[in-house]
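Below is one structure, written out as structure tokens; the observations come after it.
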Amino acid sequence: MKILSIVGARPNFMKIAPFIKAINSYNSGDSQKIYHLLVHTGQHYDQNMSASFFEDLGIPRPDINLGIGSGSHAQQVGNTMIELEKVMQKERPDWVIVVGDVNATLAASVTAKKEQIKCAHIEAGLRSGDLKMPEEINRLVTDRLSDLLFTPDPRSSENLKKEGIPEEKIKFVGNIMIDTLETHRENALKLSVEQIIKSNVFPDSPHYFIPSTSFALLTMHRPSNVDDRDILSQIIGFLCEDVALKMKLIWPIHPRTEGRLKEFNLWENLVDNENIILLKPIGYLEMLRLNMDADIMLTDSGGLQEECTVLGTPCITMRWNTERPITLQENGGASVLVGNDVNQAREEFHRMLKEGRKPVRPELWDGKTAERILKELINFSN
Ligand code: UD1
């Protein structure tokens, strides 16, 4: 069997790593070997947004890098399709594997089906119901086209059934991100929080961390939070006037957000605040380490909502909806939705700080998802 796996952006890397590990372990046995090729579209290209994840997670160097880089959505998807078509025509794999919901996921599933190659989607069935999110469009199209849909939770399987996807294509296998988390938990614990800060702090953010103080951790990159000047200003007000008055705030900044903060003249306020520690985007292990110690997480990332659920970090999700309802407190998880309403964020921040950590483990979030996926692919092909 020949498999071509496609990754493009930061949140893809932790989803493909366990799958490659499962293939390597299968290939070390006596059965017929799987021939695997890894393609990186190059949507994320910085050392911090890409290469460091390959190093941290032990992912082999991509066999092919398409070097697509930044651009509008149409440019990213179009250019990726043009390049992937050539690769797929040359390699003719039995399966194309796509993960998550980024532009590379969409481009690869469409190209595979046009080339009449079977496509499998890892992390299928997530739905926010919000078509303003580019990721939701990517999910809908990818799931409609995929031949095998691997879901992280039963609710995602239900979403697919409601959309008319035949049941035999849907496989509830658990959350592959948690495979990665469990593999790297111990290594992350060996890192020192102080050292992470020293190695990643922005040169113009002069503040440092006093070990043993409590801290909040923030990540934010969604266009709905960072692309509008008024919304971003209000969020910065909340961060400076509430969060940073109560505790240190550690903020690894996504390049999109850094750009907007500078464009809207909000950067200086942050640099001047001695309780706010601005970091460049950090590696997987570093983020995991900070998440283990954070008193509270503030984020608009879907993946972090899931990691907070397993680690038990109280999580304020700065979105109006989520494609991952299993992570919400009302469903037993660690997170609450506050959108970009800073009053609600303030209220939840003070309430959740009092609650402390409550780790939970949803069904099949057990670190063995990649093995189940590989088994299904092999069964399907036999
Ligand atoms: C993408 C994904 C999103 C994911 C996020 C995580 C899509 C539609 N969106 O959004 O689902 O949650 O990644 O990071 O695919 N940039 C750099 N260096 C890099 C990569 C990007 O400076 O290595 C800059 C780009 O030039 C651009 C900005 O960051 O200005 C945004 O990058 P882009 O790939 O457009 O999407 P993200 O917002 O990162």
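The values are calculated or read from the model by the stated rules, or taken from the named source; none is laboratory data. Owing to the predicted nature of the structure, the values given are computational and were not obtained by experimental measurement. Reconstructed Cβ throughout: ideal geometry from the backbone, glycine too, with neighbour counts over all protein chains shown. The protein model used for the area step is the full one, side chains on, heavy atoms only, and it has no ligands, DNA or RNA in it. Shrake-Rupley method; radii C 1.70, N 1.55, O 1.52, S 1.80 Å.
Observations, loosely collected:
- When cysteine pairs in the chain are screened for C-beta atoms closer than 4.7 angstrom, the residues that find no partner are 119, 240.
- Binning the alpha carbon pair distances of region 213-259 at 5 angstrom intervals from zero yields the distribution 5, 21, 28, 26, 14, 5, 1, expressed in whole percent.
- Taking the accessible area of the chain, probe 1.4 Å, and keeping the other protein chains in place, the carbon and sulfur fraction comes to 49%.
- Ranking 34, 301, 50 by Cα position along the charge dipole of the chain, where only Lys, Arg, Asp and Glu carry charges on their C-beta atoms, puts 34 farthest toward the positive end.
- Heavy-atom accessible area per residue - the chain, 1.4 Å, Å²: 42
- With a cut-off of 13 Å between beta carbons, the residues surrounding residue 346 carry a summed charge of -3, where Lys and Arg count +1 and Asp and Glu -1.
- The dipole here belongs to region 16-144: it is taken about the Cα centre, uses +1 on the Cβ of Lys and Arg and -1 on the Cβ of Asp and Glu, and is about 380 debye.
- The residue list 313, 290, 195 was ranked by how far each Cα lies along the charge dipole of region 183-355 toward its positive end, using unit charges on Cβ atoms, and 195 comes out on top.
- The charge dipole of the chain, taken about its Cα centre with unit charges on the Cβ atoms of Lys, Arg (+1), Asp and Glu (-1) only, comes to about 780 debye.
- Peptide packing for 164-172, 230-238 was compared via the average number of neighbouring C-beta atoms within 10 Å per residue; ordered from the highest value, the list is 230-238, 164-172.
- When the chain is treated as a GNM with alpha-carbon contacts under 10 Å, the residue of 372, 361, 351 showing the greatest mean-square fluctuation is 351.
- Estimated purely from DSSP H runs of n ≥ 4, each contributing -39500 (n - 2.57), the mean residue ellipticity at 222 nm for the chain is -13500 deg cm²/dmol once divided by its residues.
- Debye equation applied to the C-alpha atoms of the chain, log10 I(q)/I(0) at 0.09, 0.15 Å⁻¹: -0.50, -1.41
- Shape box of region 183-355 [Cα atoms, principal axes, largest first, Å]: 39, 37, 27
- Listed residues 129, 350, 177: farthest to the positive end of the dipole of the chain (Cβ charges): 177
- Cα-based reach from residue 190 at 24 Å (exclusive), listing lysines while leaving out same-chain residues under 8 positions away: 15, 21, 198, 248, 280, 358, 368
- Over region 12-160: Rg over Rh, Cα atoms, Kirkwood Rh: 0.95
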